[in-house]
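Structure record follows, encoded as structure tokens.
The values are calculated or read from the model by the stated rules, or taken from the named source; none is laboratory data. None of the values given here were measured: they were computed from a predicted structure. Methodologically, a virtual Cβ is constructed for each residue, glycine included, from the backbone with ideal geometry; neighbour enumeration extends over all protein chains shown. SASA here: full protein model, heavy atoms, side chains in, ligands and nucleic acids out. Shrake-Rupley method; radii C 1.70, N 1.55, O 1.52, S 1.80 Å.
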Amino acid sequence: MAENDYILETRRLVKEFKGFVAVNDVHLRVRRGQIHALIGPNGAGKTTFFNLLTKFLIPTAGQILFNGQDITAEKPAQVARRGIVRSFQISATFPNLTVLENVRVALQRKLGTSFHFWKPERSLYVLEARALELLDTVGLREFADHVTVELPYGRKRALEIATTLATDPELMLLDEPTQGMGHEDVARVTQLIRKVSANRTVLMVEHNMNVVADIADTISVLQRGQVIAEGPYDVVSRNPQVLEAYMGSATEELGGVHAH
């Protein structure tokens, strides 16, 4: 397979905290246009790995390549400008703005006019059509004029995805997108992730095995900072090392997904 089929690659990535190795020699390749899921028990290093990708942490050793370019030494803003955007972090919404205003602010950020607060408000109307289009995409058009704080939890998450999409990411990082959701919201957000992944690459950390089984093309399993298995769900879910890593209830979760 050609190198340029991979949008993101980490080579021998290591992150140590005072002698504790959180990410241990991780070689991971994310194929362009796929939904790639990162799973593993708590403390496996998933969040640390995400923080390394977005440059909120500096690796102890190793390299990160995006579109074949070494971005290991770059700052968070540089990486975001390249098109690596992490949802639920950069796109945290403003609770007292309306749903539409939140998306408009995110679109302004993309245009680099975030600080032009002295501009007449009518200059923002140019962004209105695109903002409404994005709300359509995530099923929030009817909530456009609602104040964000009043949205139900699952809809807030959909709005966070809309504000992330507003930055037009090439690689979208989703951090536990269905965490804390009821069944109906999980199903809605899962469908939404499938929809928005149509012309971009998604790398997601996710605990819910049904979600991963449903939409991930490739799954990497982390345990104690190392990748212990990788492949499609059917292969990974039968891996003895993976089953062992998910002792007890999580093993049942892994095994029981096939009924889904």
Check your understanding: Given a cut-off of under 8 Å on Cα pairs at least six residues apart, what relative contact order in percent is computed for the chain?
Key -> 26 percent
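For the chain, with all protein chains present and a 1.4 Å probe, just round the carbon and sulfur fraction of the accessible area to a whole percent.
Using a 1.4 Å probe with all protein chains present, the chain comes out at 52 percent carbon and sulfur.
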Practice item. Return the aspartates and glutamates within reach of residue 195: Cα separation strictly under 18 angstrom, same-chain partners fewer than 8 residues apart disregarded; answer none if there are no such residues. Key: 133, 136, 160, 168, 170, 175, 176, 184, 185, 206, 214, 217
Check your understanding: Of all the stretches in the chain, which is the longest one without any exposed loop site, taking chymotrypsin sites (Phe, Trp or Tyr not before Pro) in a DSSP loop (any state but H, G, I, E, B) with at most 11 other Cβ atoms within 10 Å?
Key -> 119-260
Point to revise | Nearest 10 degrees, 0 to 90: helix 153-165 Cα axis against the chain principal axis | key: 80 degrees
Check your understanding: What's the longest bit of the chain with no exposed trypsin sites (Lys or Arg not before Pro), using DSSP loop states and at most 16 other Cβ atoms within 10 Å as the test?
Key -> 33-223
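Taking a threshold of 20 Å on the Cα-Cα distance, which of the pairs 18/75; 15/75; 75/110 fall above it?
Violating the 20 Å Cα-Cα cut-off are 18/75.
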**Study point:** the chain, helix-only ellipticity at 222 nm - DSSP H runs n ≥ 4, -39,500 (n - 2.57), divided by all residues, nearest 500
**Key:** -10000 deg cm²/dmol
